[in-house]
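Structure, as structure tokens:
Laboratory data are not the source of any read-out in this text; all were calculated from the coordinates shown. Please read these numbers as outputs of a predicted model, since none were measured by experiment. Quick reminder, even Gly has a Cβ in these numbers, built from the backbone with ideal geometry, and neighbours come from all protein chains shown.
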Amino acid sequence: MILAVLGGSFDPVHSGHVALGRHLLAGGYGERLLVIPTARSPHKDGPRESGSHRLAMLRLAFAGVPGSAIDDRELRRGGVSYTADTLAELAAAHPGCELRLAIGQDNLAGFPTWRSPERILELASLLVVSREVPGPGVPRTPAEARRMLQEARLAGERLIWVGDFRESVSSTGVRAMLAAGGDTAGILHPDVRAYIDAHGLYRA
């Protein structure tokens, strides 16, 4: 069994997250998809909304995605969410399964600075999701990405390039739209938008 792991703050979960999850499953990048909300990312500011709200919205957004499951282990663990710790737990919980970790192309340049990147690559392959317009210093091809990892003395062969996905929605932009009272049709699942409105989330 191949388990694709999609982690993030999901603050809030939007159409891009769901589309990526569907794409990973439909494209054979994973036979099952585990969606894991972080308690607190070590790479950015803490999430705007609580873990319980983000978890509830994820369950609404992915309810119609066969093969997906929401995993709340990082929220239950609390504190800073380190990928290496989570993958070690998943490997123990799913012996014999192949783990594949989804990571954005823009985040790959910083991967060697993550906590225990070599351990991450022992536990999982990287599903590198390409961006339509990658930022400066970002490897633009699979060969560049592998070379970057190898130069950092990391296992470049543990990289799988997901080059056939395009999505430009960002949670930052969605939060700005919500604060302004904007229309999120096609960007947020209707049940997620209803939840946000019912609980007064993401107001200015």
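Where in segment 187-204 is the amide nitrogen less than 16 Å from a point lying 7 Å along the Cα-to-Cβ axis of Ala176? Answer for this model: 203-204.
Arranged from fewest to most other beta-carbon atoms within 10 Å of their beta carbon, Met148, Met1, Met57 become Met1, Met148, Met57.
Computed over the chain, the percent of Cα pairs more than 28 Å apart is 24. Tell me the relative contact order for the chain as a rounded percent, counting alpha carbon contacts under 8 Å between residues six or more apart. Across the chain, relative contact order equals 24 percent. If you build a Gaussian network model of the chain, linking Cα atoms that sit under 10 Å apart, which residue out of Ala84, Ala61, Ala152 swings the most? Residue with maximal mean-square fluctuation among Ala84, Ala61, Ala152: Ala152.
Please list, by residue number, every one of the GluC sites (Glu not before Pro) in segment 1-85 that is coil in DSSP and has at most 15 other beta-carbon atoms within 10 Å. Of the GluC sites (Glu not before Pro), the ones in loops of segment 1-85 whose Cβ has at most 15 other Cβ atoms within 10 Å are Glu31.
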